[in-house]
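K.L.:
Input: one structure, supplied below.
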Amino acid sequence: MKIIFLATDINSRIRTMLKLKFSAEMAHVKSGEEAKVLLEKEEDICLIIGDSNVDSIDELIDLLEKTFSIIPFIDISEGEVTSAKAKTFLEAQDDIVRAPTPIDPKVLEGIVASSLDVFRNRLNDQYREIKIDHLRNLDQAVCSIFVKLSPTKYIKYIEKGSEFTGEIIEDLVKRKVKKLYVDKESIGEFSNLATQKLVEKFDDENLTSEDKHLLSIVSNETIKQNLKNLGVSPLTLELGHKTLVSTASNFSQEKKLDKLLELLTKSTNYEAEHCVMASYIGMAMINISDWNTPENHLKICSAALLHDASLIGTGLGMIGDQSSTMFKKLDEKQKKIFLKNPEVSADILLKCKIFPHDAHTIVLQQGERPGGKGFPKALDSTQVKPLSCIFILAHDFIHKIYHLGMSPENKGIVLAELEAKYDEGNFLKAYQLLERSLA
């Protein structure tokens, strides 16, 4: 761990404190230009303590803003900061405390400790976790892949564009590396490629049932990791997983559902993954709502798995809703099948005693939209039940983010679109739950 001390001179007590309390290697520089050169040359710099009134401070601030934005800057200047650029930069660091002058080493020690925590949090926020199993189906690195050596250090292990070989995977396994990381800007692209490769694997007719089982485990882990990257908490995902497993197990006892579940597991990867992800998001929303009960989790999960019961295996489950471009390209027969799905699916599931009765309402109302613009009953925003609104928002969010790319950046784009669309009645309440569940 290295700390830059930027000032004309340095108190020996401060130097000793930094070395003994933080085991830090300290570099003393006297100008913004010297600090800039050091940043571009050295690795492991995690903090700058400095006088913001030194020469060429603007050059250093430019570099910090463009390239090293996660490194905290503790200001120790006396009086007002004279550089407007430096002043704006320091004020934007609302998680870093300015050190009072004259500097008291004991006070500075506490500020340094909290600033290093800020650095770790910023660093961890810059990377997204992936698992080694997610690499097994890839033949090339779509982005650089990192290994975490310590709370303050990630190192590049695989360069972008590098070919994957069995030796690379086995080397990681031998070294007991379980988690790898990619830059948050690249997680959407990586996730989309990993999903695409899984689809290709599932489509291989030569796969044994055991191979497909192993791939389904990897696929589910990929889903959970993608949702975690979008803001769903690990505890909520764990609860969702248990409910999902329990629900699927119960459904397997109902002979009338056998064929549907078999079709679902053998259909396109999108249909299966969409059902699972809508289930997780719906349960995450319920988890922070007034409807947070095990019964309601079961209803949402059940509806999510079989909301397209009449469409499973047809490919029409990928449409979204009747306002989509994909819907408009369908022929009249396909449009009729799609628009009848809520009623037909609800009717199919009504005959299954094991399917939760109230979940039929969710399935029946899945096509309703604000302003009475949905189907099959053109209900308004006060007539659509709260649980149905929760499912509709979860379904719509997953449909859009899946096709756009499951990255934190795209999350903001999709939420903005949904906020403008679902802005009234029970839909507005559901949107607010969705936004909170992904915070």
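K.L.:
On the protein heavy atoms, probe 1.4 angstrom, tell me the percent of accessible surface of the chain carried by carbon and sulfur. Could you put the intermediate results ahead of the total?
P.N.:
Numbers: 10860 of 21420 Å².
Reported share for carbon and sulfur atoms: 51 percent.
K.L.:
Might you work out the accessible area of HIS403 for me, using a 1.4 Å probe with all protein chains in place, and round it to the nearest 10 Å²?
P.N.:
Result for HIS403: roughly 90 Å² accessible.
K.L.:
Can you give the accessible area of ASP331 in Å² (nearest 10), computed on protein heavy atoms with a 1.4 Å probe?
P.N.:
80 Å²
K.L.:
Leaving out ligands and nucleic acids, and using a 1.4 Å probe, what accessible area per residue does the range 11-110 come to in Å²?
P.N.:
On the way: 5510 Å² over 100 residues.
Computed with neighbouring chains in place, this is 55 Å² per residue.
K.L.:
Turning to a different aspect of this structure: Sorted by accessible area (1.4 Å probe), largest first, how do VAL232, VAL107 line up? Kindly include the intermediate steps, with their values, before the conclusion.
P.N.:
Details: VAL232 5, VAL107 70 Å².
I get VAL107, VAL232, largest accessible area first.
K.L.:
Same structure again: Just reorder VAL142, VAL384 by solvent-accessible area, largest first, 1.4 Å probe, all chains present.
P.N.:
VAL142, VAL384
K.L.:
While we're on this one: Calculated from DSSP H runs of 4 or more alone, at -39500 (n - 2.57) each and per residue, what is the 222 nm mean residue ellipticity of the chain, nearest 500?
P.N.:
Working: 18 runs with 246 residues, N = 439.
-18000 deg cm²/dmol, from helical runs alone.
K.L.:
Give me the aspartates and glutamates in straight-line cross-link reach of LYS353: C-alpha distance below 20 Å, same-chain residues under 8 apart excluded.
P.N.:
LYS353 reaches GLU254, ASP258, GLU262, GLU295, ASP308, GLU343.
K.L.:
For the range 374-439, what's the relative contact order in percent, using C-alpha pairs closer than 8 Å and at least 6 residues apart? Don't skip to the answer; put the middle values down first.
P.N.:
Details: 41 pairs, mean separation 29.3, N = 66.
Value for the range 374-439: 44 percent.
K.L.:
Quick check: from the Cα gyration tensor, does the range 41-118 come out rounded (a/c under 1.5), prolate or oblate?
P.N.:
Verdict is oblate for the range 41-118.
K.L.:
When only the heavy atoms of the protein chains count and the probe is 1.4 Å, how do ARG120, ARG436, ARG136 rank by accessible area, highest first? The partial results should precede the final answer.
P.N.:
Values: ARG120 70, ARG436 140, ARG136 115 Å².
Descending order: ARG436, ARG136, ARG120.
K.L.:
Averaging sequence separations of C-alpha pairs under 8 Å and six or more residues apart, then dividing by the length of the range 349-407, give the relative contact order as a whole percent. Working shown, then result.
P.N.:
On the way: 49 pairs, mean separation 13.1, N = 59.
So the answer I get is 22 percent.
K.L.:
Find the relative contact order for the chain and round it to a whole percent, using C-alpha pairs within less than 8 Å whose residues are 6+ positions apart.
P.N.:
On the way: 618 pairs, mean separation 47.0, N = 439.
Value for the chain: 11 percent.
K.L.:
Another question about this same structure. Find the centroid of the Cα atoms in the range 129-145 and in the range 360-428, then give the distance between the two in whole Å.
P.N.:
The range 129-145 and the range 360-428 have Cα centres spaced 33 Å from each other.
K.L.:
For the range 341-422, which GluC sites (Glu not before Pro) pass both filters: DSSP loop (anything but H, G, I, E, B) and at most 14 other C-beta atoms within 10 Å? Mind dumping the intermediate values first?
P.N.:
Values: sites: GLU343, GLU368, GLU409, GLU417, GLU419; in loops: GLU368.
Qualifying residues, ordered by number: none.
K.L.:
Could you work out the local net charge near LEU64, counting Lys and Arg as +1, Asp and Glu as -1, over the other residues with Cβ closer than 13 Å to its Cβ? All intermediate terms of the calculation are to be shown ahead of the outcome.
P.N.:
On the way: positive: LYS36, LYS66, LYS85, ARG122; negative: GLU40, ASP58, GLU59, ASP62, GLU65, ASP75.
In short, -2.
K.L.:
On to the next question. Given the options ILE103, ILE413, ILE187, state which has the largest fluctuation in a GNM of the chain using a 10 Å cut-off (strictly under) for Cα springs.
P.N.:
Comparing ILE103, ILE413, ILE187 in the GNM, the peak value goes to ILE103.
K.L.:
I've got another one for you. Tell me which GluC sites (Glu not before Pro) from the range 30-92 have a DSSP coil assignment and no more than 14 other beta carbons within 10 Å of their own. Write out the running numbers ahead of the final one.
P.N.:
Working: sites: GLU33, GLU34, GLU40, GLU42, GLU43, GLU59, GLU65, GLU78, GLU80, GLU91; in loops: GLU42, GLU43, GLU78, GLU80.
For GluC sites (Glu not before Pro) across the range 30-92 that sit outside H, G, I, E and B with at most 14 neighbouring Cβ atoms in 10 Å, the list reads GLU42, GLU43, GLU78, GLU80.
K.L.:
Moving on to the next point. Exactly which GluC sites (Glu not before Pro) in the range 137-179 are in a DSSP loop and have at most 13 other Cβ atoms within 10 Å? The partial results should precede the final answer.
P.N.:
Numbers: sites: GLU159, GLU163, GLU167, GLU170; in loops: GLU159.
Answer by residue number: GLU159.
The values are calculated or read from the model by the stated rules, or taken from the named source; none is laboratory data. What you see is a predicted model; the values in this text were computed from it and never measured. Methodologically, a virtual Cβ is constructed for each residue, glycine included, from the backbone with ideal geometry; neighbour enumeration extends over all protein chains shown. Note: areas computed on protein heavy atoms with side chains; ligands, DNA, RNA excluded. Shrake-Rupley method; radii C 1.70, N 1.55, O 1.52, S 1.80 Å.
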